[in-house]
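Enquirer: Provided herewith is a single structure, encoded as structure tokens, for subsequent inquiry.
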Amino acid sequence: MSGPGAGFEYPPVEVAWLKRDVLLFANSIGCTADELHFLFELHPDFAVFPTYPIILPFKQTSQEVIDFYKAQGSTPIPGVPKFDARRVVDGQRLMTFLKPFPTTSAGRTFELRSKVIGVYDKGKAGSVVETQQDIVDKATGESYARAVGSAFFVGQGNWGGPKGPATENFPPPQGKKPDAVVSHQTTAESALLYRLNGDYNPLHATPEPGQKMGFGGAIMHGLSSWNFAAHGLLKALGGSDPKNIREFQARFASPVKPGDKLVTEIWRTGEMKGEWEEIRFVTKVEGGKVCLSNGRALMKPVTSKGSKL
């Protein structure tokens, strides 16, 4: 790591969640009644959907609505311009699931520990801030989940910073039909439900921010589409068992509007990383553009090839 801002560590922030938060999240990303272990707290196998920790940097310990813009701009990064959080979208996220996530943090203290990997100047288009975030048990120092992600600050470039490294691409296999296809129909209210997890960016609730950014109005959270796809992969290939996924990542390629239908094509590669098989996927708006590219996961598939949901 080198360059302006690289290596900067944010002050640790306490995070907390209740079983109710876990249930809301599962409902908001499309878990269904045949996955009751994500949706019913008295189920003998009650579990947290693996990607839930992705919401905790937004939620922290609050059970109330928060001021998104104020929270995002609270800690400036030394050596780089102060970016405007009113014009920020997700770039890419990779999450690694290190330990089974507790269904509640009650009785324990967990922290979000974040550091800057790099800050990159993309010219007129904007700037990218890449970070690593760990959810850590404060008492033991053990990390339960790690997310590496990038935020793209629209139109906030040309400050003389480094352009940054090329990102690694994970295209789907050429000339091969998907091993599974899953879909998720969003509604006009989908973003309004998802934001109750703790991500209260007004971009996803009211048209004015999206109009100013050139999106024409409110758009879905990039991370909601990311989570819809994660749910689709785990259900189609992993038997909805959280133990069957180790990593999940995707790049946010284009906006999704509330009401769009998302279609995810999934390929098994047969390439093994130890006990985990590398999976590739692409998510498109039905009849439209790719919205999640560079899709990759490490999984233990338990369904036969050729399934289609």
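Enquirer: Confirm whether residue 16 is crowded, with 16+ Cβ neighbours inside 10 Å, modelled with pLDDT of 95 or more, of a type in the set (A, V, I, L, M) and touching a His at 6+ places or on another chain (Cβ under 6 Å).
Expert: So residue 16 fails the test.
Enquirer: Output the residues belonging to region 140-167 that are part of a loop (DSSP other than H, G, I, E, B), open to solvent by 40 Å² or more (accessible area, probe 1.4 Å) and without any contact (Cβ under 8 Å) to a residue 60 or more places away in the chain.
Expert: 140, 141, 142, 158, 160, 163, 165, 166
Enquirer: Inside region 40-59, can you point out the residues that are under 16 Å from residue 230 (Cβ atoms) and of a type in the set (A, V, I, L, M)?
Expert: If the condition is that a residue be under 16 Å from residue 230 (Cβ atoms) and of a type in the set (A, V, I, L, M), then 47, 48, 54, 55, 56 are the ones that fit.
Enquirer: So residue 213 ticks every box in (1) farther than 26 Å from residue 37 by Cβ; (2) in contact with a Gly (Cβ under 7 Å, 6 or more places away or on another chain); (3) among the aliphatic types (A, V, I, L, M) but one. Which box is left unticked?
Expert: (2)
Enquirer: Then there's this: Filter region 64-78 down to residues that are out of contact with any helix residue (DSSP H, G or I) (no Cβ under 8 Å at 6 or more places or on another chain) and not hydrophobic (A, V, I, L, M, F, W, C) and give me whichever is modelled with the lowest pLDDT.
Expert: Among residues in region 64-78 that are out of contact with any helix residue (DSSP H, G or I) (no Cβ under 8 Å at 6 or more places or on another chain) and not hydrophobic (A, V, I, L, M, F, W, C), the one modelled with the lowest pLDDT is 74.
Enquirer: Do you know which of the residues in region 206-231 that are over 14 Å from the mean Cα position of the chain (by Cα), at pLDDT 95 or above and of a type in the set (Gly, Ala, Ser) is nearest to residue 150 (Cα to Cα)?
Expert: Among residues in region 206-231 that are over 14 Å from the mean Cα position of the chain (by Cα), at pLDDT 95 or above and of a type in the set (Gly, Ala, Ser), the one nearest to residue 150 (Cα to Cα) is 218.
Enquirer: Could you check region 227-253 and list, in sequence order, the residues that are in a strand (DSSP E or B) and basic (Lys, Arg)?
Expert: 246, 251
Enquirer: Can you pull out the residues in region 88-114 that are surrounded by fewer than 18 Cβ atoms within 10 Å (Cβ to Cβ), in a loop (DSSP other than H, G, I, E, B) and in contact (Cβ under 8 Å) with a residue 24 or more places away in the chain?
Expert: Listed by number, the residues that qualify are 98, 99, 100, 102, 103, 104, 106, 108, 109.
Enquirer: Where residues in region 28-85 are closer than 24 Å to residue 187 by Cα and among the polar types (S, T, N, Q), which of them is nearest to the chain's Cα centre (by Cα)?
Expert: This residue is 51.
Enquirer: Can you confirm whether region 181-188 contains a residue that is exposed (fewer than 14 other Cβ atoms within 10 Å of the Cβ) and in a loop (DSSP other than H, G, I, E, B)?
Expert: So far as region 181-188 goes, yes, one or more of its residues are exposed (fewer than 14 other Cβ atoms within 10 Å of the Cβ) and in a loop (DSSP other than H, G, I, E, B).
Enquirer: If you take the residues of region 281-301 that are touching a Gly at 6+ places or on another chain (Cβ under 8 Å) and over 20 Å from residue 261 (Cα atoms), which of them is surrounded by the fewest Cβ atoms within 10 Å (Cβ to Cβ)?
Expert: If we take residues in region 281-301 being touching a Gly at 6+ places or on another chain (Cβ under 8 Å) and over 20 Å from residue 261 (Cα atoms), then 300 is surrounded by the fewest Cβ atoms within 10 Å (Cβ to Cβ).
Enquirer: Pairs please, first residue from region 23-44 and at positive phi, second anywhere and open to solvent by less than 50 Å² (accessible area, probe 1.4 Å), Cβ atoms under 6 Å, 6+ apart in sequence or on different chains.
Expert: Partner pairs satisfying both residue conditions: 30/184; 30/228; 30/231.
Enquirer: Residue 73 fails exactly one of the following numbered conditions: (1) surrounded by fewer than 18 Cβ atoms within 10 Å (Cβ to Cβ); (2) without any contact (Cβ under 8 Å) to a residue 40 or more places away in the chain; (3) more than 15 Å from residue 200 (Cβ to Cβ). What is the number of that condition?
Expert: In the conditions (1) surrounded by fewer than 18 Cβ atoms within 10 Å (Cβ to Cβ); (2) without any contact (Cβ under 8 Å) to a residue 40 or more places away in the chain; (3) more than 15 Å from residue 200 (Cβ to Cβ), residue 73 misses (3) alone.
Enquirer: Consider residue 124 carefully, then state whether it is in contact (Cβ under 8 Å) with a residue 24 or more places away in the chain, open to solvent by 20 Å² or more (accessible area, probe 1.4 Å) and out of contact with any strand residue (DSSP E or B) (no Cβ under 9 Å at 6 or more places or on another chain).
Expert: Taking the combined requirement at face value, the residue satisfies it.
Enquirer: Tell me, yes or no, whether region 254-277 has at least one residue that is at pLDDT 95 or above, under 29 Å from residue 46 (Cβ atoms) and assigned to a loop (DSSP other than H, G, I, E, B).
Expert: yes
The values are calculated or read from the model by the stated rules, or taken from the named source; none is laboratory data. Everything numeric here is computed off the predicted structure, so don't read it as measured data. Methodologically, a virtual Cβ is constructed for each residue, glycine included, from the backbone with ideal geometry; neighbour enumeration extends over all protein chains shown. Ligands, DNA and RNA are excluded from the accessible area calculation, which covers all protein heavy atoms including side chains. Shrake-Rupley method; radii C 1.70, N 1.55, O 1.52, S 1.80 Å.
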